[in-house]
1. Is there a residue being outside any helix (DSSP H, G or I) and either more than 29 Å from Lys209 (Cα to Cα) or in the same structural domain as Gln213 (by TED's automatic domain parsing) (or both) anywhere in segment 104-123?
2. Just checking: which of the helices (runs of 4 or more DSSP H) contained wholly in segment 4-94 hold 2 or more residues that are crowded, with 16+ Cβ neighbours inside 10 Å and at pLDDT 95 or above?
3. If I go through segment 57-88 residue by residue, how many of them are more than 20 Å from Asp159 (Cβ to Cβ), touching a helix residue (DSSP H, G or I) at 6+ places or on another chain (Cβ under 6 Å) and not aliphatic (A, V, I, L, M)?
4. With respect to Phe143, is the statement that it is touching a Ser or Thr at 6+ places or on another chain (Cβ under 9 Å) and within 22 Å of Met214 (Cβ to Cβ) true?
5. If you take the residues in segment 187-205 that are among the acidic types (Asp, Glu) and either in a helix (DSSP H, G or I) or modelled with pLDDT under 95 (or both), which one is nearest to the chain's Cα centre (by Cα)?
6. Only one of Lys47, Lys77, Lys31 is touching a strand residue (DSSP E or B) at 6+ places or on another chain (Cβ under 7 Å) and among the basic types (Lys, Arg); which?
7. Could we say that Ala164 is touching a Pro at 6+ places or on another chain (Cβ under 8 Å), without any contact (Cβ under 8 Å) to a residue 60 or more places away in the chain and either part of a helix (DSSP H, G or I) or not assigned by TED's automatic domain parsing to the domain that holds Cys14 (or both) here?
8. Assess whether Lys184 counts as being modelled with pLDDT of 95 or more and either part of a loop (DSSP other than H, G, I, E, B) or basic (Lys, Arg) (or both).
Amino acid sequence: MAIDLYFTAGSAPCRVVLLVAAALDLQLNLKPLNLWEREQLQADFLKLNPQHTVPTIVDEGFPLWESRAISRYLVNKYGGDSSSLYPKDLMARALVDQRLDFDIGTLYPRFAQYFYPQVFGGAKPDAAALKKLEEALVFLNAFLEGQKYVTGDVLTIADLSLVATISTIDAAEISLKSYPNVEKWFELMKTTAPDYQNANQKGIDEFKKLIAQMKAKTEL
């Protein structure tokens, strides 16, 4: 039975779930929500998720939201005992968790604080916010020093989460050239993340369209 995924095209957190599902070869029943039309506030969806956020999954009647929680759940349930996506070893798993927390608590919020006021509100670029984002990218570059993936030599859900963020930063035309380890890893992820084109790049293309539309409105 397919897992229902309520999602919005272009959303980085939604792309995380698509990437993890692809890595696990899971079938998803995609249920797009138009946030601009406030479809997330419909009564049926609020019963599933009172926070009315995407992504949200429903698996055998069990609703769950927050992309990193969903990622852990899917691997724990469907990945099998030997899945390297979210390793069983305590220290290895803790490192994956740290990278996931870095993504949701540091990297993505700093990008959002810098970029979204510009594209959605027409604000001028904030130099202080950009500096904080650049600091986060320096951290990620350091994590990747001497490593193939963000926790070592094996692809994990931390990579899938972080590539959704980094590809969004790249789509926003924020240069990664000062972070060579990040650039190298990003190119690797495009070829090693399962079904990257469908799971992530299609959403990036939608995100770019949204940016263009919003910039056109704020420039009127």
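1. yes
2. 12-24, 67-78
3. Residues flagged as more than 20 Å from Asp159 (Cβ to Cβ), touching a helix residue (DSSP H, G or I) at 6+ places or on another chain (Cβ under 6 Å) and not aliphatic (A, V, I, L, M) within segment 57-88 amount to 1.
4. For Phe143, the condition - touching a Ser or Thr at 6+ places or on another chain (Cβ under 9 Å) and within 22 Å of Met214 (Cβ to Cβ) - is not met.
5. Among those that are among the acidic types (Asp, Glu) and either in a helix (DSSP H, G or I) or modelled with pLDDT under 95 (or both), it is Asp205.
6. Lys31
7. In short, no.
8. Here the answer is yes, as Lys184 does meet what is asked.
The values are calculated or read from the model by the stated rules, or taken from the named source; none is laboratory data. These numbers come from a predicted model, not from an experiment. Methodologically, a virtual Cβ is constructed for each residue, glycine included, from the backbone with ideal geometry; neighbour enumeration extends over all protein chains shown.
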